[in-house]
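The block underneath contains the structure these notes are about, expressed in C-alpha cells.
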Amino acid sequence: MRETFSRITKHASRNTEYLMSSNLNQRIAELSPEKRALLARQLRQKKAAANKMQAITPRADQSSYPLSYAQQRLWFLDQFDPDSPFYNISAALRLMGPLDTAALQKTLQTIGERHEILRVNFQTEKGYPVQVVTPELNVPLPQTDLRDLPPAEREKVVAQLAAAEAQKPFDLSRDPLLRASLLHLDEEEYVFFLTMHHIVSDGWSTAVLIQETAVLYDAYINGRANPLPPLTIQYSDYADWQRRWLESGIQAEQLAYWREKLGDTPPVLELPADHPRPTVQSHNGAHYKFAIPPDLAEALRRLGQAEEATLFMTLLAAFHTLLYRYTGQESINVGAPVANRTHVEMEQLIGFFVNTLVLNGRFPDNITFRQLLRQLRQTVLDAFSHQDVPFEMLVETLQTERDMSRTPLFQVMFDLQKAPPETIRFGNLEACLLETEPSTAKFDLLLMVLEREDGLEAIFEYNTDLFAAATIQRMAGHFQTLLAGIVAEPDQPVAALPLLTEEELRQILLDWNDTARPYPQDKTFAQLFAAQVEKTPEATAVFYEGASLTYDQLNRKANQLAHRLQKLGAKPGDLVGLAVDRSLDMLVGIVGILKSGAAYLPLDPTYPRDRLAFMLADAQVHLLVTQTEQLAALTAENLTTICLDGDAADLAQEAEDNPANAAGPEDTAYVIYTSGSTGQPKGVMIPHRAMLHLSTALHQVVYDDRIPDGAYRISLNAPISFDASVQQIVMLLHGCALHIIPQEARQDGAALLAYIRRHRLHALDCVPSQLKLLLEAGLLDGEGWTLEKALPGGEAIDETTWQQLQNAPHTQFYNMYGPTECAVDAVIAPVKTAGLRPVIGRPVPNNQIYILDKNRQPVPVGVPGEIYIGGAGVGKGYLHQPELTAERFIQLSNYQLPSPVYHTGDLGRYLPDGNIEFLGRVDHQVRVRGFRIELGEIEANLQGHTAVHEVVVIVREDTPGDKRLAAYIVPEDGETPTVSALRRFLKERLPEYMIPSLFIFLDALPLTPNGKINRRALPTPEQTRPDLDKPYVAPRTEIERYLVNLWQDVLGIDRIGIHDNFFELG
C-alpha cells in the first residue's frame, strides 16, 4: 500500500515547496509577530505581482490544441513504441464497506466532465501532434467477482489482475485515457483500479483524482450535489500559456543558466553494473526497501539545519557521495522531479505538469561532506529558480549525443516525500492503497526516501537488466554506513568516509586473502635446481629442434658457466647480461648465471641497438653471456663477454660440480626491462624468494601438486626477455621437460598446433591472441594429441573465447594475471569453474589482492578500483630508481594491511563469489598481443621526430579482438612525414611490437572543456591508403588482384598497391 502510493506520486511530489520548507518554517516561527505580519504582507504583494505578470487565462475554444513540451516528448515516444504500457500510471485502492457502484460510476463521469484533459485524444494535423477534446467521457466500470475463490488464491488473482491492468496499453488516438475497473472480493471488500496515461497525468494528478473521487462519492451517496468548486482553467490553457511564457524571454534567460551549469558535465554516470547494458534501454525493474532509523534521521536534519539546508539537500548530498564512491567521477548529475505547479489554480488540475531538474555535484580533491552540502544547497536553490525550462527543451539545447541505451543528461534520480496516510476516508468506506510489486524502472537507479513519524523509509528502484538484487541490497547497506559516517564526521573528506560494513571489510581484506601455504622461502633457485638434478638426472630438462639436454647435462654445462662467471667476479647483487637466440643456450645461460650467485638480465638480440645499449648502461652490466653472432649488436664500456659457442672449448675446461655461492632468498634472481612512460624502459628486480613462490604456487594451483618427475612436457613459448618465460623456467624445479617453441611456430597457429601434437606437450604458455590462432587451427577439434593445460596470460580474454575455453572437453585453461613487478602470476582463474564471464580469478597462495579507490580506500564488491598486490610474489622495485620504487611499491597504513604492496595501475573489481574481474588500465599503459606497452614511451619517441609537433597514441579495437596501436599526429607546419619515414624512425628506437600500426594526421588534437586531450574524440581512421614512400601501383595479374583484395579485407583499406608494405599499411 505505502509503496504503491509513493510510486504513483514520485514524479510529482510537492518538492518545490517541500524542499524549501523544512528550515523555513522554523525560521518563520522564530520571527516576532510584527515581523511575521510584515513578511506575510510582502509575500502577498509579490505573489499578486507575479501572478499578474504570469497569469494563465482560458484560451478561446478551438477544435484542437497544441501539446505541452512534456506531452510532445511522450507522444514521440509513443509513436516509437506504440504498444508500450511503460507510461501508465496506476493506483489500486482496497475499499472496505458497503460500496454504491452507481455512485462510483457517477463520480467517474463527473470527473471526466470536470477535467478536459481526460477527454482528449491525440491526432496529427499537418504533420504536428495536437490534442482533440471530445464532448464527453464514458468511463466504463467493469466488475469481476472473486468471492467464490479461497482467500489465499483470491489475493494471488488480485495481484495478477493488478499487474495486468497496469500493463494494458492505451491507444492515444482512440482510447479514453482514464480507465477504471472493480474487483468484488467479499461482501464488503473491493479493489478499485484507476489507470491513466502519463501524457494526461502525473503523480500529483493521481492524488487529485483519488481525492476528488472520495469527495464526489461521499456527496453522491448522501444525496448532495457536486461540492467541488469549478476549475478556472484547463490543462490546454496551461499548455498554451507555457509556450507564450517561455517565448517572452524566460526561456533564453533560464537556458543560459543551464548551459553554463551543465555544459561541461559528463552525460553518462558509469555506475558499475552486473549485466551488460542493453543496446536499447529497457525498463524492467524491481524495488528494495530499507529503513533509516529515527535517531540517524534526526541527526541528518540537525546537520542540514546547521547549514541552512533542507533534509532533501542533505540526503541529496549523501546520495551524490555514494555515487561518487561507486564511480570515482568528479562531476555527477542526478535528476530530481519537481511538481512545476507554479500557480495556485494549477494545484487542482489533472495533467502532465511534472518537470525534471538536473542537479550536478562536483568533487574536487579533499572536498568534505559539509562543503559538498553547501555546494548542493546552492545548486538546488539555483535550479528551482530556473525550473520553468522543460527537461525536453534542455536536452535539445545541450545537444547531448543521443544514446538509445540511456536517458539523456542523467541516469539516476533522487526524490524525497512525506509518507502518505495509512488510510483514506472514502465516504462511508475505508480505503487504503493496495501494495503491489512493481516490475518497471524508468531509470538505471532511483532513490526515493519517505518521511515517516518513526524515521525514514528508503526505496531503491533499479533496472533489473543492469543490477542484481544482491548488488542493490549491498548498496543500501553502504548508504546506511555512509549516512552514519556523515553525521559522525561531516568535516571528513567524502573520499574517506566509511562505506563498507564490518562484515564486508573482513571478507574482502581478510577472508579472500587467507592464502598462506608453505613454500621454500629460505632457499634459492640454484639450491632447488641442484636437488631436482639429484632426483631426475637422466630426465630431459630442455629440448629445442631435435637437440636436448638432460637435467644432469644442463647442470654440468650451467656449473661450468657459473664457475667461469665467478672467476670473472660474479657475485650476489651483480647483474649478468644474457643475449642469446632461441636455443638450448638460453637455459644454460639462465641456470649458469643463477648458480654463480648473480642475477640474469635477458637482452633480446632483435631489439634496436640503442635500446640494448641503454639497458646495458642503465643496469651497469660488466659481464655478458652471449653468442658470437650477437656481439656486433652489443656494445658497452668495460664489458666482459662469454660466448657460449665461441668460448665452448674454454668453458669445457671448467669444473662440473655445483659451485658454492652466497646468494640468499632476498637477493635478486633476474631483472626484466619493461616499457617506461618517460621514453626509456625500466628494470624490474625479482628476488629468489618471489621466484620460488611462483614455482610453488603454479605447482599447487595449476598442476594440482601432481607432476610426474621427468615425464611432463611443457612449452617455453615466451621470449626470455618477457616475464611469462619465468613461469615455465621455474617448472625445472619440478622435473618438467621444457620445449623451446621455434620462432616460426610461435607466429603460425597451424604450425604451433602441429608442434604441440608432434611433441605431445602437456602444458602450453601463450597469450590470448596466440591462443585464438590455435583455436582457429583446430586446437579443440579432438583430433590427435590433446593438451592437458594451457596458460594464457598477458592480455584480457574476450567473452567469445572464454566460452570456447569453458566448453573445452579435455584441456584445462587457466587465465594468468600478474605484472612483471610481482613475479609473473599473482592471480589465476581456472576457466572451467570460474564463471560465465571472463575473470582473472583469485590470488595464488601467499599473495594478497586489495582493490582500492584512488584514495586507497577498499571498494565494495562489484565496484571498480585499482588492484594492489601484496605477499610473497612482490618484487624488490625498479633498478636504480628509488623514487619510482617508492611511488609504486607502497606502504598501506589503512586497516593494518601487510606491506609493501605493489600498485599495479590496473582496474578490477571483486565479483560476489570472490573472483576478480579485470577492467583495463588506469593510465595509458596497455597490453597488445601480450606485450606490456607504455603509450607514453611511444609518444616520447615520436615527439623526437623533427616533423612531429604533437602526438597521442592509443589502442584501437575497431574489430573485436583486433587491438592495434594508433598514433595521432599534428605535424609541424608544412612538414607532414610519410608513414614509411615514421616507421623507420621508430624502428631505430623501439621493438617492432611497439610501433603503431596506424598513423593518422590531424590539424589539431581534440580537447576536453578543461583543455586536456580528449582521447574519446579522436577520429576513427579512414579506410584509405596512407602516404607511403613508394607510389601506388595497381595490381596487374589475377594473382596480384587476389592478393590485393585479401590484404584489403584483412586491413580494411580500400586501395592497396602491389609494392606496398603490409606493416606500413597497418
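Is the shape of the range 298-349 rounded, prolate or oblate, going by the alpha carbon gyration tensor and its root eigenvalues a ≥ b ≥ c, with a/c under 1.5 for rounded and a/b larger than b/c for prolate?
The shape class here is oblate.
To the nearest 0.05, how large is the calculated FRET efficiency for Glu950 and Gln806 if R₀ is 41 Å and r is the Cβ-Cβ distance? Walk me through the intermediate numbers first.
Values: r = 45 Å, r/R0 = 1.09.
The calculated FRET efficiency here is 0.35.
If you keep only loop residues by DSSP, which chymotrypsin sites (Phe, Trp or Tyr not before Pro) in the range 732-830 have at most 16 other Cβ atoms within 10 Å of their Cβ? Walk me through the numbers before you get to the answer.
On the way: sites: Tyr755, Trp785, Trp802, Phe813, Tyr814, Tyr817; in loops: Trp785.
Loop-located and lightly packed - Trp785.
Which ³J(HN,Hα) values, rounded to whole Hz and listed in residue order, are derived for the range 105-119 from phi using the Karplus coefficients 6.51, -1.76 and 1.60 in 6.51 cos²θ - 1.76 cosθ + 1.60 with θ = phi - 60°, glycine and proline given as x?
Taking θ as phi minus 60°, the curve returns 5, 4, 4, 5, 5, 4, 5, x, 5, 6, 10, 4, 4, 6, 10 Hz for the range 105-119.
Pairs of alpha-carbon atoms within less than 8 angstrom and 6+ residues apart define the contacts here; what relative contact order does the range 637-733 have, in percent? Working shown, then result.
Details: 67 pairs, mean separation 18.9, N = 97.
Normalised by residue count, the contact order of the range 637-733 is 19 percent.
Residues with amide H under 5 Å of Glu972's amide H, sequence separation 5 or more or different chain, H placed in the peptide plane at 1.01 Å from N; which?
It is Val948, His949, by chain and number.
If I model a spin label as a point 7 Å beyond the Cα along the Cα-Cβ vector, how far apart are those points for Glu887 and Leu149 in nm?
It works out to 6.9 nm between the two label points.
Gain in length, Ala488 to Glu437, computed as 0.36 nm per residue apart minus the alpha-carbon separation, to one decimal in nm? Please report the intermediate quantities before stating the final value.
Numbers: separation 51, 0.36 × 51 = 18.36 nm, distance 3.56 nm.
Going from the current span to full extension adds 14.8 nm.
Which label marks the calculated value of Rg and Dmax of the Cα atoms in Å, given the options (1) 36.4, 123; (2) 28.1, 85; (3) 36.8, 133?
Checking each listed value against the structure points to (1).
Based on the Cβ-Cβ distance from Gln473 to Glu422, what FRET efficiency comes out when R0 is 25 Å, to the nearest 0.05? Kindly include the intermediate steps, with their values, before the conclusion.
Values: r = 27 Å, r/R0 = 1.06.
The calculated FRET efficiency here is 0.40.
So if R0 is 51 Å, what FRET efficiency would Lys156 and Leu836 give, r being the distance between their Cβ atoms, rounded to the nearest 0.05? All intermediate terms of the calculation are to be shown ahead of the outcome.
On the way: r = 34 Å, r/R0 = 0.66.
E between Lys156 and Leu836, to the nearest 0.05, is 0.90.
Given a cut-off of 21 Å, what percent of all Cα-Cα pairs of the range 246-380 lie beyond it?
Numbers: 5275 of 9045 pairs.
Considering the range 246-380, 58 percent of its Cα-Cα pairs are separated by more than 21 Å.
Distance from a point 7 Å along Cα→Cβ of Thr640 to each backbone N in the range 583-601: keep the residues under 20 Å and list them by number.
589-601
Given the C-alpha atoms of the range 65-236, compute the convex hull and give its volume per residue in Å³. Don't skip to the answer; put the middle values down first.
Working: hull volume 19.8 nm³, N = 172.
Here the figure is 115 Å³ per residue.
Along Cα→Cβ, 7 Å out, is where each label goes; now give me the distance between the ones at Glu270 and Ser64 in nm to one decimal.
Result for the modelled spin labels: 4.7 nm.
Percent relative contact order of the range 65-236, based on C-alpha pairs within less than 8 angstrom and at least six residues apart? Mind dumping the intermediate values first?
Working: 249 pairs, mean separation 57.8, N = 172.
Computed over the range 65-236, the figure is 34 percent.
Could you tell me which residue out of Leu505, Thr124, Ala309 lies farthest along the dipole of the chain toward its positive end? Charges go on the beta carbon: Lys and Arg +1, Asp and Glu -1, centred on the Cα centre.
Result: Ala309, furthest along the dipole toward the positive end.
Residues with beta-carbon under 13 Å from that of Ala60, excluding Ala60: net charge, scoring Lys, Arg +1 and Asp, Glu -1?
Charge balance near Ala60 sits at -2.
Tell me, what is the percent relative contact order of the chain, built from C-alpha pairs under 8 Å that lie six or more residues apart? Numbers along the way, then the final one.
Working: 2062 pairs, mean separation 91.6, N = 1066.
Dividing the mean separation by the residue count of the chain yields 9 percent.
Run the helix sum for the chain: -39,500 (n - 2.57) per DSSP H stretch of 4+ residues, divided by residue count, reported at 222 nm to the nearest 500 deg cm²/dmol.
Details: 30 runs with 350 residues, N = 1066.
Theoretical 222 nm ellipticity from helices: -10000 deg cm²/dmol.
Extension gain Asp704-Gln680, at 0.36 nm per residue separation less the Cα-Cα distance, in nm?
Working: separation 24, 0.36 × 24 = 8.64 nm, distance 4.01 nm.
Difference between extended and current length: 4.6 nm.
Determine, for each peptide in 551-559, 468-476, the mean count of other beta carbons within 10 angstrom over its residues, then list the peptides with the highest first.
Numbers: 551-559: 22.6, 468-476: 17.3.
Top to bottom by mean Cβ count within 10 Å: 551-559, 468-476.
Cα atoms only, the range 356-462: Rg and Dmax in Å?
18.3, 61
Compute the convex hull volume of the Cα atoms of the range 65-127, divide it by the residue count, and report the result per residue in Å³ as a whole number. Intermediate values should be presented prior to the final figure.
Numbers: hull volume 8.2 nm³, N = 63.
That works out to 131 Å³ per residue.
Please go through the range 363-452 and write out the GluC sites (Glu not before Pro) that DSSP classes as loop and that have at most 10 other C-beta atoms within 10 Å. Don't jump to the answer; show the numbers that get you there.
On the way: sites: Glu392, Glu396, Glu401, Glu422, Glu430, Glu435, Glu451; in loops: Glu401, Glu422, Glu435.
Listed in order of number, the matching sites are Glu401, Glu422.
Mind listing which GluC sites (Glu not before Pro) in the range 63-170 are in a DSSP loop and have 12 or fewer other Cβ atoms within 10 Å? Working shown, then result.
Working: sites: Glu113, Glu116, Glu125, Glu136, Glu153, Glu155, Glu165; in loops: Glu136.
Filter output for the range 63-170: Glu136.
Mind running the shape call on the range 762-826? Use the C-alpha gyration tensor, a ≥ b ≥ c as the square roots of the eigenvalues: rounded below 1.5 for a/c, prolate if a/b tops b/c, oblate otherwise.
Values: a/c = 2.19, a/b = 1.71, b/c = 1.28.
Cα axes put the range 762-826 in the prolate bin.
Taking amide H positions as placed in the peptide plane 1.01 Å from N, state which residues far from Val928 in sequence (5 or more) or on other chains have amide H under 5 Å from it.
Correct list: Ile933.
Subtracting the Cα-Cα distance from 0.36 nm times the residue separation, let me have the gained length for Leu505 to Arg374 in nm, one decimal. Could you put the intermediate results ahead of the total?
Working: separation 131, 0.36 × 131 = 47.16 nm, distance 3.08 nm.
Value of the extension gain: 44.1 nm.
Taking H as built 1.01 Å from N, whose amide H comes closer than 5 Å to the amide H of Ala541, not counting residues under 5 places away?
Leu549, Thr550, Tyr551
Every number in this text was worked out from the coordinates using simple rules, so none of it is lab data. Computed from a predicted model, the values in this text were never measured in an experiment. Note that each Cβ is placed from the backbone with ideal geometry, even for glycine, and that neighbours are counted across all protein chains shown.
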